[in-house]
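Enquirer: I'd like to ask you about the structure that follows.
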Amino acid sequence: MASGKHSERPYRTTRTQRQAASRDLERTSALAEVAQAVARVGTPEEWGTRVVAAVARATGWSRVFVFRLVDVRAAAKVDTPSHLELLAAHGITPEQETASRQLALEGPSASAQAVSTRAPVVVGRTQLLEGGQDNVRRLGTLSYAVFPLIAREKVFGTLTLLDSQLRVVPDEEVAFLQAVADTLATGLESAELFGEAQAASRAKDDFLSVASHELRTPLTPLKGLTQTLLRQLARARESGAQVDLDRIERYLHTMNGQVDRITHLVNDLLDVSRIRTGRLALRLADVDLVALTATVLERFDTVSDDHVIRFERAVDQLTGHWDAGRLEQVLTNLIANSLKYTPSGGDITVIVRYDETAERSRVAHVLVRDPGIGIPARQIAELFRPFHRLDNAPAEHFAGLGLGLYISHDIVERHSGQIWAESEGPGQGATFHVVLPLNGPGGSE
C-alpha cells in the first residue's frame with residue numbers, strides 16, 4: 001500500500017528531453033511572433049523579414065526564404081511561365097539575394113515540385129522528381145524544405161529552407177513549418193484584397209495579435225518557474241541540502257498546466273489552418289454519443305468547482321457513424337464556453353436526445369444550456385466566425401482566441417449536421433444546439 005510519502009530520488013531530465021523542451025518553446029514563441037508580424041506590420045516585404053528571422057531561430061536552418069508566386073500568364077494573358085519573387089530572406093549574402101530575386105518555375109526544382117503538387121517537399125520525406133537532386137546539389141545544399149503557401153485553394157508562394165548540412169526533419173518541425181506557411185498564405189491573401197474587403201481582412205488579422213498575446217501569457221510563468229527550479233537545484237547541489245520535492249512537484253504541476261494551455265492554443269491555430277486549406281479530415285466509426293458526452297463531463301468535474309453541470313440523457317445509448325475525437329472537441333468547446341461565460345454558482349445543463357426531422361428521419365440532438373451573460377441578438381449570426389468576440393464579453397475579462405465555435409461549426413458541418421445558438425439577449429443565458437445525422441456525413445437513418 002502506498003505510504004503517501006514522496007521518494008527521495010531527485011527528479012532528473014535527460015539532455016535530450018531538455019533540448020526537445022527548449023525546441024518546443026522556441027517553436028511556440030516563433031509561431032506567436034509570425035502571427036503578430038503578419039497581423040501588425042504593413043507590407044509582406046516588411047513582415048516577411050521578421051518571419052524568416054523567427055523561423056531561422058526556431059529551427060536552426062541556415063537559409064530561410066519567403067517567395068511570392070507571380071502568375072505572369074494570368075496577368076498578361078500570355079503563355080509565359082509563372083515565377084517566384086523573393087519577399088524576404090535570412091542567412092544569405094548580397095550576391096545570393098540578387099540571384100534569388102526571381103526563380104523560374106521550370107525544370108525539376110524542389111520549388112516547382114512544391115507549387116505544382118501543392119504539397120511540402122522535405123528532405124528525407126519527399127521523393128524529388130527526376131533531375132531534382134542535381135538541381136539541389138547545384139545550390140550547394142544537402143537539405144531542403146519547401147512549403148507551398150496555400151489559402152482558399154490558391155497558391156500564393158513558398159516558405160523555403162536550405163542547409164548545407166544533412167538534416168533530419170521531425171514531425172514536430174514539419175507541423176510548425178506548415179503552421180507558419182498557412183499564416184503566411186493568409187497574410188498574402190489579405191494583401192491581394194482591396195477596398196472594404198481589405199478592411200475586413202485587416203480586422204481579422206488584428207485578432208491574430210490576440211493569438212500572440214494568448215500564446216505569450218502562459219510562457220511568462222512557465223519561464224519564471226523553470227528559472228526558479230534551476231536555481232533551487234543549483235543551490236541544493238552546491239550545499240548538499242535535500243531538495244524540497246513537495247515544492248518541485250507543485251511547480252511541475254503548474255508548469256504542466258501552462259504547457260497544456262499552450263498546446264490547446266496551438267492546436268486551435270493548427271485546426272484553423274487545416275480548415276482554411278481543406279486538410280481537416282474525419283475518421284468515422286460507430287460512436288455512442290451518450291457515453292462520449294459522459295466522458296467529457298467527467299473531465300470537467302475535476303476542474304470546475306464553481307459550477308454544477310447536469311447531464312440529462314433521454315436515452316441510455318445513442319449510436320451514430322461519426323468522428324469521436326472531433327465530436328469530443330465540439331462538446332468540450334461548447335461546455336467550456338458555457339462555463340467561461342456563466343457566473344460562479346450557475347448550473348450548466350447538457351441534454352442528449354433523439355429528434356425526428358420533417359422527413360421523418362431520426363437525428364441526434366445535443367443541447368448545452370447556461371444562465372450566463374447571454375448573446376446580443378445582432379451577434380447571433382456572427383458567433384461562428386473566427387476570432388469573433390461578443391460586445392458584452394470584453395477581452396480583459398474573458399480571455400481566448402475566439403476560435404472554438406468556429407472550429408466546432410466546421411466539424412459539425414463536415415458531419416452534415418447543424419449547429420446554432422439561441423439567447424433572449426444580454427444577461428439571459430444561451431443554449432447551443434448540435435444536430436447530427438445518425439449515418440454520418442451525407443447520411444440519415
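Enquirer: Say whether the condition of being at pLDDT below 90, in the same structural domain as T49 (by TED's automatic domain parsing) and part of a strand (DSSP E or B) is met by at least one residue in segment 123-138.
Expert: No, segment 123-138 contains no residue that is at pLDDT below 90, in the same structural domain as T49 (by TED's automatic domain parsing) and part of a strand (DSSP E or B).
Enquirer: Name the residue that is surrounded by the fewest Cβ atoms within 10 Å (Cβ to Cβ), counting only residues in segment 151-185 that are under 17 Å from A32 (Cα atoms) and among the small types (G, A, S).
Expert: Result: A175.
Enquirer: Given the structure, is G404 buried (at least 19 other Cβ atoms within 10 Å of the Cβ), modelled with pLDDT under 90 and either in contact with a Gly (Cβ under 6 Å, 6 or more places away or on another chain) or of a type outside the set (D, E) (or both)?
Expert: Working: buried (at least 19 other Cβ atoms within 10 Å of the Cβ): yes; modelled with pLDDT under 90: yes; either in contact with a Gly (Cβ under 6 Å, 6 or more places away or on another chain) or of a type outside the set (D, E) (or both): yes.
Yes: the conditions hold for G404.
Enquirer: Which of (1) buried (at least 18 other Cβ atoms within 10 Å of the Cβ); (2) small (G, A, S); (3) within 25 Å of E97 (Cβ to Cβ) does G140 not meet, given it meets every other one?
Expert: Result: G140 fails condition (1) only.
Enquirer: State all residues of segment 154-196 that are of a type in the set (D, E, K, R), part of a helix (DSSP H, G or I) and in contact (Cβ under 8 Å) with a residue 40 or more places away in the chain; if no residue qualifies, say none.
Expert: If the condition is that a residue be of a type in the set (D, E, K, R), part of a helix (DSSP H, G or I) and in contact (Cβ under 8 Å) with a residue 40 or more places away in the chain, then E172, E173, D182 are the ones that fit.
Enquirer: Restricting attention to segment 118-153, which residues are without any contact (Cβ under 8 Å) to a residue 24 or more places away in the chain and either under 20 Å from D171 (Cα atoms) or within 23 Å of the chain's Cα centre (by Cα) (or both)?
Expert: T126, Q127, L128
Enquirer: Taking the condition touching a Phe, Trp or Tyr at 6+ places or on another chain (Cβ under 7 Å) and modelled with pLDDT of 80 or more, does R27 pass?
Expert: yes
Enquirer: Out of all the residues in segment 277-302, which are touching a residue at least 60 places away in the same chain (Cβ under 8 Å) and more than 25 Å from the chain's Cα centre (by Cα)?
Expert: L289, V290 - these are the residues of segment 277-302 that are touching a residue at least 60 places away in the same chain (Cβ under 8 Å) and more than 25 Å from the chain's Cα centre (by Cα).
Enquirer: Here is a follow-up. Here is a check on your reading of the model: is T228 over 28 Å from the mean Cα position of the chain (by Cα) and either among the hydroxyl-bearing types (S, T, Y) or crowded, with 17+ Cβ neighbours inside 10 Å (or both)?
Expert: Yes; evaluated as a whole, the condition is true for this residue.
Enquirer: Oh, and also: Yes or no: segment 284-301 includes at least one residue that is under 30 Å from A181 (Cα atoms) and surrounded by fewer than 19 Cβ atoms within 10 Å (Cβ to Cβ).
Expert: Here is the first cut: in segment 284-301, the ones under 30 Å from A181 (Cα atoms) are 284.
Next, only the ones that are surrounded by fewer than 19 Cβ atoms within 10 Å (Cβ to Cβ) stay: 284.
The answer is yes; a qualifying residue exists.
Enquirer: I've got another one for you. Do we find that S344 is without any contact (Cβ under 8 Å) to a residue 60 or more places away in the chain and out of contact with any helix residue (DSSP H, G or I) (no Cβ under 6 Å at 6 or more places or on another chain) in this structure? Explain how you work it out, then say what you get.
Expert: On the way: without any contact (Cβ under 8 Å) to a residue 60 or more places away in the chain: yes; out of contact with any helix residue (DSSP H, G or I) (no Cβ under 6 Å at 6 or more places or on another chain): yes.
Spelling it out, S344 is indeed without any contact (Cβ under 8 Å) to a residue 60 or more places away in the chain and out of contact with any helix residue (DSSP H, G or I) (no Cβ under 6 Å at 6 or more places or on another chain).
The values are calculated or read from the model by the stated rules, or taken from the named source; none is laboratory data. Since the model is a prediction, treat every value here as computed from it, not as a measurement. Methodologically, a virtual Cβ is constructed for each residue, glycine included, from the backbone with ideal geometry; neighbour enumeration extends over all protein chains shown.
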